[in-house]
Amino acid sequence: MANILFELKQAGYSYFGRFPALCSVDLTIMQGAKTAVIGANGTGKSTLLSMLDALIFPDQGSVKAFGMPLDDKMQENSDFTMAFRRRVGLVFQNPDIQLFCPTVRDDIMFGPLQLRMRDSEAAKRLDKVVTELKLASLLDRSPCQLSIGEKKKVAIASVLAIQPEVLLLDEPTAGLDPQTTRDIIDILVSENLSGTTLVTATHDLHIIEEIADTVHVFGPERNIIRSAPPEEVLSDRTFLQAHNLVHIHRHRHKDAGVSHAHQHDVKHHH
Amino acid sequence: MKRSCFIEKSLMGTVAFLRESVFADDYAAKKGFLQARDPRFKTAAVFFLVLSVLFSRDIPAIAVIYLITLLSAGCSFINPVFFLSRTWFFIPFFTLFIAAPSVFSVFTPGEPLASFRIGGFLLQITRQGAAGALIFFSRVLVSVSLCVLLSLTTKHFALLKVLRVFRVPQIFVMTLGMCYRYIFLFIGIIQDTYTAMKSRCGYAVSPVKGQRIVAWNIATLWQRSYQMQSRVYDAMLSRGYTGETYLYGGFRAGVRDVFMLAAAAVIFFFVLWQTYCSS
């Protein structure tokens with residue numbers, strides 16, 4: 001039986017103690033699982049990822065990671081904190097936040113070096129992710145000189161260099177062109193096949209079937225309102241429309257322009 | 001020039017200057033003489049040469065060091081026009097203004113070199129005053145040239161690592177590196193904000209309104225940078241940062257590096273001997 005990596009019980013969080021961002025969330029994440037978190041803007045997806053990465057701690061309920069509670073006291077246990085950082089990696093939504101070093105090379109090596117790996121080991125990991133993600137030509141460039149797609153890939157590489165057991169991703173494909181989106185999905189699927197647990201917050205419904213076995217939908221009350229396999233959630237158009245998760249396109253049918261809710265088919269016919 | 005254009009020109013000029021400094025990284029990537037040197041030895045050599053210039057009271061000695069600087073720039077494939085324009089303007093130019101009064105007998109009495117009258121007031125340029133001003137200007141020019149040459153031929157992250165080698169506190173080096181990184185992000189934000197403002201207000205903005213817009217820009221940028229710093233700190237924590245930064249080593253020195261440093265040290269000790277012992 002697979003291990004439980006994260007366990008949230010009635011977990012809640014409010015910014016400045018006044019603005020609720022996450023309310024009464026019950027969630028279990030198993031080792032090797034692929035989990036997607038979807039929901040309209042402001043429903044608490046990013047807050048959940050920050051909580052899973054121990055950047056914020058619940059002010060209600062509890063969160064456990066690897067059997068240990070994640071709370072303020074965690075910071076006093078430097079061994080656990082270091083072990084936790086080695087096991088869990090978060091890819092932020094905005095790559096400009098994640099890429100703070102002068103060059104791509106420094107950014108990718110930042111994690112392994114802070115986690116006290118030797119220079120030779122950090123260099124080995126750099127070579128590995130650079131080969132896998134085809135980033136060799138970018139190594140000595142400044143992150144500010146990269147395109148958004150390149151930045152996203154480098155941000156993912158900077159976390160993969162840590163070789164975490166759990167990869168948390170906040171909108172990994174938002175605003176990317178189709179090819180870069182494809183590349184990133186391939187990277188994530190390959191990581192999961194090699195045993196990495198994936199937790200992805202996204203709005204891109206068309207990638208969910210590939211990157212998730214279970215989808216948790218967040219509602220306006222900032223809690224989980226539905227948990228189900230992706231096919232089940234994606235086929236429920238009424239539910240998706242009610243929770244602002246489906247695109248609305250204007251089509252021209254014959255000579256008349258009409259506006260109606262429309263979801264792209266996730267299954268393609270060739 | 002219209003005053004309304006002044007704001008745009010100032011903003012865009014600053015942005016262009018800062019952008020240019022990013023592209024100056026291209027020089028550091030070239031395969032020239034100085035680019036191939038170990039940054040630690042190169043920095044130490046430049047330090048010795050700057051000290052030599054500061055200790056020297058002899059114009060020909062300073063001129064020789066300047067010649068070495070120009071030759072090194074040439075061997076490092078740096079465009080001479082680009083290099084001279086970077087080193088002759090701003091600091092040396094302003095230094096000339098600062099040093100100018102000292103050439104007159106009012107400030108530096110001595111042997112008259114030339115004299116003229118302005119509004120019935122006799123002004124005399126003295127040999128000692130002119131020599132002092134020339135040495136002051138030459139020292140600034142050569143020191144600036146050496147530092148610019150070092151920064152042009154060394155990738156800035158390597159320079160930051162060198163600062164750590166020379167025991168500059170880590171927090172200072174880290175902050176410097178992040179400032180460099182984020183200044184370009186904020187440049188992009190300034191440009192985008194200004195373009196968005198122009199698209200809404202048009203090109204003709206009154207000077208008062210323009211000043212107000214710049215003030216808003218500064219306030220917004222401050223807020224954004226404040227928000228961003230906490231997120232960047234989170235991103236650092238997430239990858240194991242605990243307050244002490246660990247950087248990758250990876251410098252390799254060769255015989256040529258040692259030779260270059262030795263040559264700079266010899267010049268320095270020769271200047272010291274010439275200044276304090278030869279007479």
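The values are calculated or read from the model by the stated rules, or taken from the named source; none is laboratory data. Just so you know, these numbers come straight off a predicted model, no measurement behind them. Positions of Cβ are generated from backbone atoms using ideal geometry, with glycine treated the same way; all protein chains shown enter the neighbour counts. These area figures cover heavy atoms from the full protein model, side chains too; ligands, DNA and RNA do not enter into them. Shrake-Rupley method; radii C 1.70, N 1.55, O 1.52, S 1.80 Å.
Assorted remarks:
- Counts of other chain beta carbons within 10 angstrom of each beta carbon in peptide A:91-101 average 6.
- Relative contact order computed over region A:4-251 (Cα-Cα under 8 Å; 6+ residues apart), in percent: 27
- Over chain A: Rg over Rh, Cα atoms, Kirkwood Rh: 0.99
- Among A:189-201, A:208-220, the order from most to least packed when residues are scored by Cβ within 10 Å on average: A:208-220, A:189-201
- Selection of trypsin sites (Lys or Arg not before Pro), region B:202-279, meeting DSSP coil and at most 10 other Cβ within 10 Å: B:ARG252
- With DNA, RNA and ligands ignored, accessible area of A:MET82 (1.4 Å probe; Å², nearest 10): 30
- Inter-chain Cβ neighbour average for residues B:171-179, partner chain, 10 Å: 1
- Cα gyration tensor shape for chain B, rounded if a/c is under 1.5, else prolate or oblate: oblate
- Spatially close Lys pairs in region A:4-251, defined by Cα atoms under 16 Å apart and a spacing of eight or more places or different chains, total 8.
- Nonlocal amide H pairs with B:PHE77, under 5 Å, H built at 1.01 Å: B:PHE33
- Rounded if a/c under 1.5, otherwise prolate or oblate - the protein assembly as shown, Cα gyration tensor axes: prolate
- The phi torsions of region B:32-42, fed into the Karplus equation with coefficients 6.51, -1.76 and 1.60 and a -60° offset, translate into couplings of x, 4, 6, 5, 7, 7, 5, x, 5, 5, 5 Hz, rounded to whole numbers, with Gly and Pro shown as x.
- Hydrophobic long helices, here whole DSSP H runs in chain A with Kyte-Doolittle means of at least 1.6 and Cα atoms spread over 24 Å or more along the helix axis, are not found.
- Delta accessible area of at least 20 Å² on complex formation, residues of region B:182-196, 1.4 Å probe, chain isolated as reference: B:TYR182, B:PHE184, B:LEU185
- Estimated purely from DSSP H runs of n ≥ 4, each contributing -39500 (n - 2.57), the mean residue ellipticity at 222 nm for chain A is -10000 deg cm²/dmol once divided by its residues.
- Positive-end residue of A:PHE66, A:ASN41, A:ILE97, charge dipole of region A:30-130 with Cβ unit charges: A:PHE66
- Using the 1.4 Å probe convention, the accessible area of region A:4-251 works out to 41 Å² per residue with neighbouring protein chains retained.
- Cross-link partners of B:LYS42 among lysines, defined as those whose alpha carbon lies under 24 angstrom from its own and excluding same-chain residues fewer than eight positions apart: B:LYS30, B:LYS31, B:LYS155, B:LYS161.
- Ellipticity estimate at 222 nm from DSSP helix runs (n ≥ 4, -39,500 (n - 2.57)) divided over chain B, nearest 500: -24500 deg cm²/dmol
- For residues of A:141-147, the mean tally of beta carbons on other chains within 10 Å: 4
- Mean Cβ count within 10 Å, highest first, over the residues of peptides A:19-27, B:55-63: A:19-27, B:55-63
- Coil-residue chymotrypsin sites (Phe, Trp or Tyr not before Pro) of region B:84-165, DSSP, other Cβ within 10 Å capped at 13: B:PHE89, B:PHE90, B:PHE107
- Relative contact order %, chain B, counting alpha carbon pairs below 8 Å whose residues are six or more apart: 32
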